[in-house]
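The numbers here are math on the coordinates, done by the rules we state, and not lab data. None of these values were measured; they are calculated from a predicted model. FYI the Cβ positions are ideal-geometry reconstructions off the backbone, even for glycines, and counts take in every protein chain you see.
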Amino acid sequence: MTANRRRSLSTALTSVLSSPAAQAADASAPAPAAVPAQPAGPAHVTVDLDQAGDTISRHVYGHFAEHLGRCIYGGFFVGEDSEIPNTRGIRDDVVDALRALHIPNLRWPGGCFADEYHWKDGIGPREQRPRMVNSHWGDVVEDNSFGTHEFMDLVELLGTEAYVNGNVGSGTVQEMSEWIEYLTRADDSPMAALRRANGRDEPWRIPFFGIGNETWGCGGNMTAEAYVDVARQYSTFVRDHAGNKVTRIAAGSHDGNLHWTDVLMRTFGTQLDQGPDGNPGPFQAISLHYYTMTGPWEDKGSATEFSEDEWYTALSRASHIDELLARHSTVMDRYDPYRKVGLVLDEWGTWWNVEPGTNPGFLYQQNTLRDALVASIHFDAFHRHAGRLLMANIAQTVNVLQAMILTDPESGALVLTPTYHVFAMNAGHHDAAALPVHVALPEEAPTVDGCALPLVSASASTKDGAALVSLSNLHATEARTVVLDLRGAEVAGFSGTVLAAESTSAHNTPEQPDAVAPRELTAIRPHARGLEVDLPAASYATISLELG
Ligand code: AHR
C-alpha cells in the first residue's frame, strides 16, 4: 500500500507540475504574492439568485467506512454485548449523529480492503465465519463479524443508501456476480435462497456498486489499458435483478492522472454521442481519489501541530480539487458531451501523520478547524462541478483520516469533529440547484505551494424558495467583511451560522467537545447591495436566505 501510494503521488506530482498553476512556481515566474498581514478590504461575493444551474446531487455529501483501524470495529460496531448502547451491535450514538447529517450514502467495505474481501466469509453464524488477515491495515486478523447483513442493517438504521465496493483484485467474476444476486434478488434463485437461510427474506436495494478500488495500486497494480477490459467484464455480471438498478462505478484515477480517465472513457467510443438518453454501459460512473496533506508521503504533517505556512499549504492543496475536477471532467466531456457518465470522488479528505502512540496502520488522526476549512473548500468546488460530479465520499466517517466522529478506545466517548459541523451546516445544499457565484477580492491572491489561493471561498444553491450561501475566510489570523451582492430575487429574511475557534488548530475532545462548534452568526447587516457579513479569522459560515 505504502509503495503504491508513493508511486501514485509521484505520478500526481508529474501532472501537477506540468499544470499552469505549478508553472507559476518556476524560477522564471514572478515572485509569489505573500499572504497579506491584513486583507486589503471587504470581499465582494455576487450571487445570482435567479440563475438556478445544475442540481447538486446529495450524494456528493457521501461517506466511506472501511475495515480499517477503528472505523468499523469500535467505531460503528461494538457487538451486542457491549456496554455502549447499541442496536444489534451498532452504536446508537453514532447512528443518531449521522442521521442528523442525512448522510445520502455509505461506501463499504473499502478501499484497499475491498480487493481482499470475500463476502461469503462475512455471512452466516458469526462463530462459524472464517478469519482473514487485513494485510493493508495493520496486518491484523479480521474475524468477519461485521459482514453483509450487518452492513445492510447499518444502512437501514442510518436511513441511507448502500455503495458496495466489489473485489476485482483478488476476487472472481462469479463472486461479484453472486454478491449482487444475494443482495438484490427477490425470487428463489440460489443466492436469494442463501440470503433467506441467513435470516433476510426481502432483497435489499443496492444503487451503487464499485468495480474494484485503486486498481492502479492496491487493487491489483494494473495498467489502465489492462483494467478497462477487466472493468467491462466484471460490470457485465453485476446485473440489475428485479427492480434494482445499479450504478456501476469503475475504479478510476487519482490526483492528476488524466490518462486513466481517458482510457476508461475511450472505451465508450462514440456510443455516448447519440443524445441525452441512455447509457449503454458497461459502467455508469468512474471514480477519482484525491487526498490533502502538507508534507510528502513519508511525513504528511501533524493533524494538530502545524505552522501558519502549513495552514495555507493545506488550504491551497484542498483548493486544487477544483482544477482536478475541471481537468477530469474535460476529458470526460470529450467522449460524453451529454454527461451520462458520473464522476465519483469516492475518496477525499485530509491525510495526516497518525496520532502519536497509535497504530500506524490504523490511520487515526485528530481533526481541527483546518480540516473543517479543507472540507468547505471541497464542497464549494463540488457545487461548481455539479453537472458532472455524481457522488463524493469523505475518507472516512469514524476514527479514520478526516473523520466526522472520533470515539475514545477506552471510555467509548464520542466526539463530533469540526468536519462533522461543516457537513451539518451544508445539509441545505443537498439536491439544491447550484447558483453562479463570483468572488472579488481587493488584494492579489497570494501564491501558496505554486498556486494562487484567493483568501475567500464561496458557493451557493437554491431550493424550495430559499437559498444557502457558503463562505470561508481562509485568512489564518484576520477577520474579513464580505459584501453579499444578492441579485435576481427579493430577500425576505436571513440568518447565519458560523464555525470558528480560538486557534486554527482548535479541535474537539471528550473533555472539550465544543471547542469548535457552530454558533449563530449575528454580524449580518442589510447593505445597499444585499447583505454585509463579518467573518472571523479562519472561519466557515453559512447564510440562509428566505426568498420573497
Ligand atoms: O482511505 C484509506 C485508503 O486510501 C483506502 O483504502 C485506499 O483506497 C486509499 O489508498
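Assorted remarks:
- Each helix, a run of at least 4 DSSP H residues, gives -39500 (n - 2.57); summed and divided by the residues of the chain, these come to -7500 deg cm²/dmol at 222 nm.
- Acute angle (nearest 10 degrees) that the helix 92-101 long axis makes with the longest principal axis of the chain, alpha-carbon atoms: 50
- Cα centroid separation - the stretch 214-290 against the stretch 442-482, whole Å: 34
- Averaging 1/r across all pairs of distinct Cα atoms in the stretch 123-265 and inverting the result yields a Kirkwood radius of 16.4 Å.
- Within the chain, Cys71, Cys451 have no other Cys Cβ under 4.7 Å of their Cβ and so lack a disulfide-compatible partner by this rule.
- Mean Cα-pair separation over length for the stretch 228-300, i.e. relative contact order, pairs under 8 Å, 6 or more apart, %: 40
- Contact order normalised by residue count of the chain, Cα under 8 Å, 6+ apart, percent: 20
- Longest to shortest principal axis, alpha-carbon extents of the chain, angstrom: 68, 58, 52
- Cα pair count fraction exceeding 20 Å, expressed as % - the stretch 438-497: 37
- Principal-axis analysis of the Cα atoms of the chain puts helix 369-384 at an angle of about 80° to the longest axis.
- Under Stokes-Einstein, with the Kirkwood radius over Cα pairs as Rh, the value for the stretch 228-271 at 25 °C and 0.890 mPa s is 205 µm²/s.
- All C-alpha pair distances within the stretch 346-464, sorted into 10 Å bins from zero, spread as 12, 37, 32, 16, 4, 0 percent across the bins.
- Mean Cβ count within 10 Å, highest first, over the residues of peptides 48-57, 122-131, 417-426: 417-426, 48-57, 122-131
- Proximal lysines to Lys340, defined as alpha-carbon separation beneath 16 angstrom and excluding residues fewer than eight positions away on the same chain: Lys245
- Mean Cβ count within 10 Å, highest first, over the residues of peptides 490-496, 74-80, 209-215: 209-215, 74-80, 490-496
- Annotation: lysines with alpha-carbon distance below 18 angstrom to Lys463 (same-chain offsets under eight excluded): none found.
- D_trans [Stokes-Einstein, Kirkwood Rh over alpha-carbon pairs] for the stretch 320-392, 25 °C, 0.890 mPa s, µm² s⁻¹: 174
- Every pair of different Cα atoms in the stretch 56-168 enters the Kirkwood calculation, which places the hydrodynamic radius at 14.4 Å.
- Packing, taken as the mean count of other beta carbons within 10 Å per residue, orders the peptides 101-112, 276-287 from highest to lowest as 101-112, 276-287.
- Angle in degrees between helix 224-236 and the longest Cα principal axis of the chain, rounded to the nearest 10: 60
- The stretch 401-506, relative contact order in percent, only Cα pairs under 8 angstrom and at least six apart counted: 18
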